[in-house]
């Protein structure tokens, strides 16, 4: 039995069954937002291979599409590219946080600097992963966010779990 992946303009049935992974009891509904289709495909492949119980419920090519998908689909996690046409990932994160959608926001970027970490925190996002570290950090970052922590690059385990903006209780999380 396959799942359904909602794209910004089409619905596509996936051939992979959604089954629990013994290594990860956490389940997740994930929206991926990046203006490059090949990047979205890469993230999708990593996540469905590493955590087949996680559902990729939607994909967006812009910040504004990601906000609309987050409102409509109620994911646990939204992965946002920092640089997208129109509305940036940072602005999309800011809007999602302001709307109190109950999702955890992970910024995906090629950049790394202290001012960027500060800027990401100020938007209400819960962490970031550098594109150059995706194989090492993406799944760990999402798991950290699902557990209520934050993920800001090379942190110790204790720092990853200190979140000043804990996840909101949502109807979806309770069901």
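The values are calculated or read from the model by the stated rules, or taken from the named source; none is laboratory data. In this text the structure is predicted, and so the values were computed from the model without any measurement. No Cβ is skipped: glycine too gets one built from the backbone with ideal geometry, and neighbour counts run over all protein chains shown.
Select from region 94-103 the residues that are farther than 12 Å from residue 31 by Cβ and either buried (at least 23 other Cβ atoms within 10 Å of the Cβ) or touching a residue at least 40 places away in the same chain (Cβ under 8 Å) (or both) and list them in ascending order. Residues satisfying the conditions are 97, 100, 102. Being touching a helix residue (DSSP H, G or I) at 6+ places or on another chain (Cβ under 7 Å) and in a helix (DSSP H, G or I) is the filter here; which residues of region 82-98 pass it? Within region 82-98, 89, 90, 91, 92, 93, 94, 95, 96, 97 qualify. Say we look at region 119-175 and pick out the residues that are at pLDDT 90 or above and part of a loop (DSSP other than H, G, I, E, B); which of these is nearest to residue 53 (Cα to Cα)? Only one residue fits best here, namely 147.
Residues of region 34-81 that are in contact (Cβ under 8 Å) with a residue 24 or more places away in the chain, crowded, with 20+ Cβ neighbours inside 10 Å and part of a helix (DSSP H, G or I): 43, 47, 63, 65, 66, 67, 69, 70.
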